[in-house]
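Notes follow the structure.
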Amino acid sequence: MTKHALITGITGQDGAYLAQLLLEKNYHVYGLIARRGTDTTGRLHELGIAGQVHLLDGDLIDPSSMIRALEKSKAEEVYNLGAQSFVATSWDQPILTAEVTGVSVVKMLEALRIVNPKARFYQASTSEMFGQIQEPLQTERTPFYPRSPYGVAKLYGHWITVNYRESFGMHASSGILFNHESPLRGTEFVTRKITLALARIRHGLQDVLELGNLDSKRDWGFAGDYVRAMWAMLQQEQPDDYVIATGETWTVRQFVEKAAVHAGFDIEWRGEAEQAQGIDRKSGKIIIRVNPAFYRPAEVDVLIGDPAKAHQKLGWKREVSFDALVQMMAEADLQRAAK
Ligand code: NDP
């Protein structure tokens, strides 16, 4: 029997990779798509799957559109990936973030209770819920202490998912995903901002890359690996929560250095912290500059996840290393900039 799945956020990075994975598994894939002024299906086109998914108009603000999407799709699996997902924007638009990233989760769960309470539900939780670190390696049992309106909104989405599982016996699981990147990552996120800017500098389209805190440490994986974990969670007999991470941490500075090599630069750092500059040894030009405007009002200094539970119970393992991820992103952006 062909399964039906509904993905919110199908036009985003993860939505596109997840749609591709489910199509490979012969699912009928439906996606909730919000009305925007411009076409948002670029990632689905890049993966060559735009014609294979069924897009249903709807918005996470509007539960009636969720009910209609659930009815039309007859989804047995719902992947709730839609969100205002950019941490920095959440300080400028905290109420929108609370609505779209937090409250919409209970709207979707209520819509499911009305249309199909037996459907399986995946909630896109995040390592940003850990925020100010309570334990050096974060697991499913590490206490949460979010440090941004985004993290706070996601924490609501996480706990309401747990609560509906416990209150109504729903098959609702939450993936606490650490940062995951790809050539399809939004250009506002630091990894993609780096690879795109370096490619543009290489091709003479831009002079300097401006960054915030170079010493932030993150656990970065490849989005294509992480969507496999989402699917695996919904195939389990029992719903549960899982940390999905690599267990390694790298600084923004290290990401820059590795990406720079692929773009043909050799970075030498001068100055400290907010004064830091990255100079290309070959040309002698300043190509990276720290701009304190990009610092977060409340910083999350280091995130490292422990994916042991996902390894044991889901049999999930990442396939793409950090170096391979940086290379993949750098090369994709060099090709784009060349065009
Ligand atoms: P993206 O920002 O790439 O995608 C977000 C998606 O949500 C887009 O499709 C966007 O649509 C959609 N969306 C935003 N607002 C609405 C709305 N009001 N109604 C309907 N759809 C809306 O995020 P990612 O793919 O990177 O992440 C997927 C999920 O995982 C998100 O919930 C994110 O917060 C979470 N997450 C991501 C991590 C990461 O490192 N990538 C880490 C941990 C969690 P549109 O294109 O029209 O704006």
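The values are calculated or read from the model by the stated rules, or taken from the named source; none is laboratory data. Note that the structure is predicted; figures quoted are calculated from it, not measured. A quick note on method: Cβ atoms are made from the backbone with ideal geometry, for glycine too, and the neighbour counts reach across all protein chains shown. Surface accessibility is based on the protein's heavy atoms, side chains included, excluding ligands, DNA and RNA. Shrake-Rupley method; radii C 1.70, N 1.55, O 1.52, S 1.80 Å.
Would it be correct to say that residue 148 is more than 10 Å from the ligand (Cβ to nearest atom) and either open to solvent by less than 40 Å² (accessible area, probe 1.4 Å) or more than 30 Å from residue 299 (Cα to Cα) (or both)?
Working: more than 10 Å from the ligand (Cβ to nearest atom): yes; either open to solvent by less than 40 Å² (accessible area, probe 1.4 Å) or more than 30 Å from residue 299 (Cα to Cα) (or both): yes.
The answer is yes for residue 148.
Determine whether the stretch 205-214 contains at least one residue that is outside any loop (DSSP other than H, G, I, E, B) and among the small types (Gly, Ala, Ser). Within the stretch 205-214 (the criterion being outside any loop (DSSP other than H, G, I, E, B) and among the small types (Gly, Ala, Ser)), the answer is no, since none of the residues qualifies. Return yes or no: is residue 43 under 17 Å from the mean Cα position of the chain (by Cα), within 13 Å of the ligand (Cβ to nearest atom) and modelled with pLDDT of 95 or more? So residue 43 passes the test.
Hey, among 104, 65, 73, which residue is in contact with an Asp or Glu (Cβ under 6 Å, 6 or more places away or on another chain) and touching a residue at least 12 places away in the same chain (Cβ under 8 Å)? Walk me through it before giving the result.
Values: 104 fails: in contact with an Asp or Glu (Cβ under 6 Å, 6 or more places away or on another chain); 73 fails: in contact with an Asp or Glu (Cβ under 6 Å, 6 or more places away or on another chain).
Checking each option against the conditions leaves just 65.
Scan the stretch 313-321 and tell me whether some residue there is within 30 Å of residue 175 (Cβ to Cβ), out of contact with any Asp or Glu (no Cβ under 6 Å at 6 or more places or on another chain) and loosely packed, with under 13 Cβ neighbours inside 10 Å. Yes, some residue in the stretch 313-321 is within 30 Å of residue 175 (Cβ to Cβ), out of contact with any Asp or Glu (no Cβ under 6 Å at 6 or more places or on another chain) and loosely packed, with under 13 Cβ neighbours inside 10 Å. The residues on offer are 224, 264, 204, and the sole one that is within 30 Å of residue 6 (Cα to Cα) and modelled with pLDDT of 95 or more is 224. For the stretch 116-145, the set of residues classified as open to solvent by less than 50 Å² (accessible area, probe 1.4 Å) and not in a loop (DSSP other than H, G, I, E, B) consists of 121, 122, 123, 124, 125, 126, 127, 128, 129, 138, listed by residue number. The one condition from (1) more than 19 Å from the chain's Cα centre (by Cα); (2) modelled with pLDDT of 95 or more that residue 305 does not meet is (1). Please tell me if residue 85 is near the ligand (Cβ under 10 Å from one of its atoms), under 23 Å from residue 192 (Cα atoms) and at pLDDT 95 or above. So residue 85 passes the test. A count restricted to the stretch 172-189 and to residues that are within 9 Å of the ligand (Cβ to nearest atom) and in a loop (DSSP other than H, G, I, E, B) stands at 8. Being of a type in the set (A, V, I, L, M, F, W, C), in contact with a Gly (Cβ under 7 Å, 6 or more places away or on another chain), assigned to a helix (DSSP H, G or I) and open to solvent by less than 60 Å² (accessible area, probe 1.4 Å) is a description that does not apply to residue 199.
Return yes or no: is residue 50 open to solvent by 20 Å² or more (accessible area, probe 1.4 Å) and in contact (Cβ under 8 Å) with a residue 60 or more places away in the chain? Talk me through it step by step, then tell me what you get.
Values: open to solvent by 20 Å² or more (accessible area, probe 1.4 Å): yes; in contact (Cβ under 8 Å) with a residue 60 or more places away in the chain: no.
Criteria not met by residue 50.
Where strands (runs of 3 or more DSSP E) fall entirely within the stretch 227-305, those with at least 1 residues that are under 21 Å from residue 141 (Cβ atoms) are at 241-244. Is one or more of the residues making up the stretch 7-16 assigned to a loop (DSSP other than H, G, I, E, B), over 19 Å from residue 111 (Cβ atoms), more than 9 Å from the ligand (Cβ to nearest atom) and open to solvent by 30 Å² or more (accessible area, probe 1.4 Å)? Taking every residue of the stretch 7-16 in turn, none turns out to be assigned to a loop (DSSP other than H, G, I, E, B), over 19 Å from residue 111 (Cβ atoms), more than 9 Å from the ligand (Cβ to nearest atom) and open to solvent by 30 Å² or more (accessible area, probe 1.4 Å).
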